Amino acid sequence: MFLIVAKYLIPNGYRGMAVFPFIIVKYDFDKTNGVFVNHEKIHLRQQLEFLVIPFFIWYLLEYLIRLIQYKNKDLAYRNISFEREAYGHETDLNYLKNRPFFKFLYYIKIGNKQ
């Protein structure tokens, strides 16, 4: 994992993103934010499971499905299975040590708004 500060690579409204093998943050202070970095590390693990490119295809397709479902871009984003898993476990800094393979599938249930 490589942690990079790159203010202009991060879309407006976001503080960071994971693109294997990088975690890119908008602000220098987020490099030391354990919860934030853990959230992005969870995404790195998800990307590894999907061999990276298919992860982003699934992510986009699920976002579009959630957008149709909720008709709200923020709700759609928060209900992507990958995000539900990452937000649900970002405060558990030991989560990745015991995380089962493809755990995000547990969060794919349609209709469970977060």
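Structure notes:
- Selection count where residues are more than 13 Å from the chain's Cα centre (by Cα) and either farther than 13 Å from His43 by Cα or part of a loop (DSSP other than H, G, I, E, B) (or both), scope segment 85-103: 10
- Test: Lys109 is part of a helix (DSSP H, G or I), over 13 Å from the mean Cα position of the chain (by Cα) and not hydrophobic (A, V, I, L, M, F, W, C): no
- Segment 59-82 - residue that is outside any helix (DSSP H, G or I) and over 15 Å from the mean Cα position of the chain (by Cα) and, of those, surrounded by the most Cβ atoms within 10 Å (Cβ to Cβ): Asn72
- Neighbours by Cβ (under 8 Å, 6+ apart or cross-chain): first from segment 23-41, without any contact (Cβ under 8 Å) to a residue 40 or more places away in the chain and more than 16 Å from Asn94 (Cα to Cα); second part of a helix (DSSP H, G or I) and among the basic types (Lys, Arg): Ile23/Lys41; Val25/Lys31; Lys26/Lys7; Tyr27/Lys7
- Pairing residues of segment 73-102 that are over 9 Å from Asn38 (Cα atoms) with residues that are of a type outside the set (Val, Ile, Thr) and assigned to a loop (DSSP other than H, G, I, E, B), at Cβ distances under 8 Å and at least 6 apart in sequence or on separate chains, gives Leu75/Lys113; Arg78/Gln114; Asn79/Asn112; Asn79/Lys113; Asn79/Gln114; Arg84/Gln114; Tyr87/Gln114.
- Residues that are among the aromatic types (Phe, Trp, Tyr) and within 15 Å of Glu49 (Cα to Cα) occur in segment 81-88; there is at least one.
- From the options Phe56, Phe29, Phe2, Phe36, residue that is exposed (fewer than 14 other Cβ atoms within 10 Å of the Cβ) and under 11 Å from the mean Cα position of the chain (by Cα): Phe56
Values quoted throughout were computed directly from the atomic coordinates according to the rules given, and no laboratory measurement underlies them. Note that the coordinates shown come from a computational prediction; the quantities given were computed from them, not determined experimentally. With ideal geometry, Cβ positions are generated from the backbone for all residues, glycine too; neighbour counts draw on all protein chains shown.
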